[in-house]
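> Shown below is the structure under consideration.
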């Protein structure tokens with residue numbers, strides 16, 4: 001691919017793995033280990049090769065048999081993060097915090113006051129609401145739960161909810177959390193009735209966690225009872241038809 005083309009960077013990013021980091025090989029037990037440390041490939045990596053670890057720091061996370069937690073170094077950085085004084089600093093904070101949004105229930109709702117500062121034409125005014133959002137996000141990240149690893153036995157459970165502030169959902173298994181997810185409403189969704197917000201919340205969850213759910217049983221829980229009748233309605237509008245495809 002000639003790199004003189006203007007679309008080269010975008011095409012390149014579509015074809016490579018986003019993260020370039022250490023190579024991580026895992027197994028279900030110590031008796032079923034990965035590549036031998038005496039293989040030619042591992043001989044080249046001998047200086048930095050660590051064999052059979054109970055937990056490992058990888059891409060800003062600590063991965064162990066118990067689950068996934070945030071890297072303590074990142075937690076410390078969040079704890080010491082000073083109050084933003086510009087839009088650029090808000091973007092930097094939300095960039096780090098957003099990377100760990102899977103650990104925080106209702107992240108988009110909590111971050112909404114700060115996210116508004118990044119809108120075009122919005123003046124930078126640090127008020128009590130934004131101070132509360134900033135401090136609460138820090139507190140939620142510092143006290144984040146350990147997220148379990150999916151076992152693909154016993155099925156999954158999704159709990160979803162929606163409001164005028166956004167969509168939220170949680171993926172669980174064996175009554176433990178695998179991940180949280182949320183997003184803010186798009187401009188045209190603000191005018192949707194409640195029914196038309198609760199259904200997108202379910203679809204949002206099914207799409208983002210489809211790599212976990214393919215071929216597995218999944219129970220979906222919502223507080224909007226009328227959704228259970230959508231498959232039996234005689235007539236659906238185009239929006240509902242598109243969502244159910």
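> Does the range 158-175 contain at least one residue that is touching a residue at least 12 places away in the same chain (Cβ under 8 Å) and assigned to a helix (DSSP H, G or I)?
no
> A follow-up question, please. Mind telling me which of the residues 178, 148 ends up being at pLDDT 95 or above and within 23 Å of residue 73 (Cα to Cα)? Walk me through how you get there before you give the answer.
On the way: 148 fails: at pLDDT 95 or above.
Testing whether each residue is at pLDDT 95 or above and within 23 Å of residue 73 (Cα to Cα) leaves just 178.
> Further question: Taking the range 182-202, which residues are modelled with pLDDT of 90 or more, surrounded by fewer than 21 Cβ atoms within 10 Å (Cβ to Cβ) and not in a loop (DSSP other than H, G, I, E, B)?
183
> Applying the selection to the range 67-104, what residues are assigned to a loop (DSSP other than H, G, I, E, B) and out of contact with any strand residue (DSSP E or B) (no Cβ under 8 Å at 6 or more places or on another chain)?
Correct list: 80, 81, 82, 83, 84, 85, 86.
> Taking the range 151-181, which residues are surrounded by fewer than 13 Cβ atoms within 10 Å (Cβ to Cβ) and under 20 Å from residue 113 (Cα atoms)?
Within the range 151-181, 164 is the sole residue that qualifies.
> I need the full set of residues from the range 50-66 which are at negative phi and assigned to a loop (DSSP other than H, G, I, E, B), in order please.
50, 51, 53, 54, 65, 66
> Here's something else I'd like to know. Given (1) closer than 25 Å to residue 69 by Cα; (2) assigned to a strand (DSSP E or B), identify the lone condition not met by residue 135.
(2)
> Please go through the range 136-177 and pick out each residue that is within 19 Å of residue 213 (Cβ to Cβ) and in contact with a helix residue (DSSP H, G or I) (Cβ under 8 Å, 6 or more places away or on another chain). Steps first, answer last, please.
Here is the first cut: in the range 136-177, the residues within 19 Å of residue 213 (Cβ to Cβ) are 147-161, 167-177.
Of everything in the range 136-177, those that are within 19 Å of residue 213 (Cβ to Cβ) and in contact with a helix residue (DSSP H, G or I) (Cβ under 8 Å, 6 or more places away or on another chain) turn out to be 147, 150, 156, 158, 160, 161, 167, 168, 169, 171.
The values are calculated or read from the model by the stated rules, or taken from the named source; none is laboratory data. These numbers come from a predicted model, not from an experiment. Positions of Cβ are generated from backbone atoms using ideal geometry, with glycine treated the same way; all protein chains shown enter the neighbour counts.
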